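The values are calculated or read from the model by the stated rules, or taken from the named source; none is laboratory data. Here the structure is a predicted model, which means the values were calculated and not measured. Using ideal geometry, Cβ is built from the backbone for each residue, glycine included, and neighbour counts are taken over all protein chains shown. Only protein heavy atoms, including side chains, enter the accessible area calculation; ligands, DNA and RNA are left aside. Shrake-Rupley method; radii C 1.70, N 1.55, O 1.52, S 1.80 Å.
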Amino acid sequence: MLNQTSSVSKFILLGLSSWPEDPKPLFILFLIIYLVTITGNLLIILAIHSDPQLHTPMCFFLSFLSFTDICFTTTIVPRMLVNFLSHKNISYAGCLTQMYFIYALGNTDSCWLLVVMAFDRYVAICDPFHYVTIMSHHCCVLLVVFSCSLPHFHSLLHTLLLNQVTFCGSNIIHHFLCDFSPLVKLSCSSTFVNEIVMMIEGSVFLVTPFLCITFSYIQILLAVLKIPSAAGKRKAFSTCGSHLTVVTLFYGSIFYVYLQPVSTYTVRDHLATIVYTVLTSTLNPFIYSLRNKDLKQGLRKLLVRRKP
């Protein structure tokens, strides 16, 4: 994977260089966030696995979302923690490998699995009589396989294209992770193809799932408006609240970062990057568990069972 035409064998990740000089508070903060993320998502997975009442298509997708959250966060936060301890070097191959998994897991986690979950809500509300037939276990497995495999092709495309770029000048990345925009800005060769592919294919890859989610919720809204009772409408909307919260949090931050020219990318975009790479994975277990009575009950059973 190493680019033989590049004279740069390693990069220096400056991390959150514009933040306070003393890294200890940030190290403690992100260590706590990481531990909360791992613990919260593991509890979601264990609760769904151990409670037969939670063996539903939506919880099946949620368990995979939690698993991907764990992998996605592990790709990013441990590297950040190492940076806080002043070891900021990362090899060329290690940098491209991190970027590959960030794109592959990030798009699986917060793009395509969200589309699948939106489809589940669409079928449950708009075609409830055929829900069991449509959302069979076989169909759910196929949807998860599709959601997990497609982002890897997207990530591989951009990683291979970036591997053709020459880095022969500065090797300092003004970021806390290896991302497309700061890496392209370091190149001393033409990155026209990379930027065009990112703007076209990358935008389509982000916007397409967003449009699918939007279409699903337009149909859900039209179906809910036909429900005669106010209680029925509230119940229908309540099943979508958690998913809509996660969609808003993710797409709001990721559109801000990636749907802009590379030349306009600045350190100020770090905050938005932290939202979709770190905080979304941390908040997902709380968002879904607090708004789902069955899941809260499952977590309660799990915790009681674990007590001595």
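Give the residues of the stretch 85-104 that are in contact with a helix residue (DSSP H, G or I) (Cβ under 9 Å, 6 or more places away or on another chain), assigned to a helix (DSSP H, G or I) and open to solvent by 30 Å² or more (accessible area, probe 1.4 Å), sorted by residue number.
Hits for the stretch 85-104 are 97, 100, 101.
Got a number for residues in the stretch 167-216 being of a type in the set (D, E, K, R) and under 17 Å from the mean Cα position of the chain (by Cα)?
Residues in the stretch 167-216 being of a type in the set (D, E, K, R) and under 17 Å from the mean Cα position of the chain (by Cα): 1 in total.
Can you report the number of residues in the stretch 267-278 which are within 24 Å of residue 32 (Cβ to Cβ) and either open to solvent by 80 Å² or more (accessible area, probe 1.4 Å) or at pLDDT 85 or above (or both)?
The total comes to 2.
Exactly one of these conditions fails for residue 129: (1) over 22 Å from residue 209 (Cβ atoms); (2) in contact (Cβ under 8 Å) with a residue 24 or more places away in the chain. Give me its number.
The single condition residue 129 does not satisfy is (2).
Would you confirm, using the coordinates I've provided, whether residue 147 is touching a Ser or Thr at 6+ places or on another chain (Cβ under 8 Å), over 17 Å from residue 98 (Cα atoms) and in a helix (DSSP H, G or I)?
Taking the combined requirement at face value, the residue satisfies it.
Please give the number of the condition residue 71 fails out of (1) free of Cβ contacts under 8 Å to residues at least 60 places away in the same chain; (2) of a type in the set (A, V, I, L, M, F, W, C); (3) out of contact with any Leu (no Cβ under 7 Å at 6 or more places or on another chain).
(3)
Need at least 2 residues that are within 17 Å of residue 126 (Cα to Cα) and open to solvent by 60 Å² or more (accessible area, probe 1.4 Å) per element, so show me which helices (runs of 4 or more DSSP H) inside the stretch 192-241 make the cut, counting only ones lying wholly within it.
203-225, 230-238
Tell me which residues, restricted to the stretch 27-60, are open to solvent by 60 Å² or more (accessible area, probe 1.4 Å) and polar (S, T, N, Q).
Hits for the stretch 27-60 are 39, 53.
Would you be able to say whether some residue in the stretch 254-266 is under 23 Å from residue 73 (Cα atoms), open to solvent by less than 10 Å² (accessible area, probe 1.4 Å), at pLDDT 75 or above and assigned to a helix (DSSP H, G or I)?
Looking for residues that are under 23 Å from residue 73 (Cα atoms), open to solvent by less than 10 Å² (accessible area, probe 1.4 Å), at pLDDT 75 or above and assigned to a helix (DSSP H, G or I), one finds none in the stretch 254-266, hence no.
Go over the candidates 205, 215, 210 one by one and state the one that is closer than 30 Å to residue 104 by Cα and in contact with a His (Cβ under 7 Å, 6 or more places away or on another chain).
205
Condition first: under 26 Å from residue 200 (Cβ atoms) and open to solvent by less than 40 Å² (accessible area, probe 1.4 Å). Now tell me which residues in the stretch 157-175 satisfy that. Break it down into steps so the answer makes sense when it comes.
If we filter the stretch 157-175 for residues that are under 26 Å from residue 200 (Cβ atoms), which is where we start, we get 157-167, 173-175.
158, 159, 162, 163, 165, 166, 167, 173, 175 - these are the residues of the stretch 157-175 that are under 26 Å from residue 200 (Cβ atoms) and open to solvent by less than 40 Å² (accessible area, probe 1.4 Å).
Within the stretch 111-156, take every residue that is more than 18 Å from residue 224 (Cα to Cα) and of a type in the set (Ser, Thr, Tyr) and give me the one that is surrounded by the most Cβ atoms within 10 Å (Cβ to Cβ). Can you show your working first?
Step one: of the stretch 111-156, the residues more than 18 Å from residue 224 (Cα to Cα) are 111-116, 132-156.
With of a type in the set (Ser, Thr, Tyr) added as a condition, the list becomes 133, 136, 147, 149, 155.
Details: 133: 10, 136: 12, 147: 24, 149: 12, 155: 21.
Taking the candidates together, the pick is 147.
Among the numbered conditions (1) part of a helix (DSSP H, G or I); (2) within 24 Å of residue 270 (Cβ to Cβ), tell me where residue 175 comes up short.
It fails just one condition, (1).
How many residues are crowded, with 23+ Cβ neighbours inside 10 Å and of a type in the set (Ser, Thr, Tyr) when one looks only at the stretch 61-72?
2
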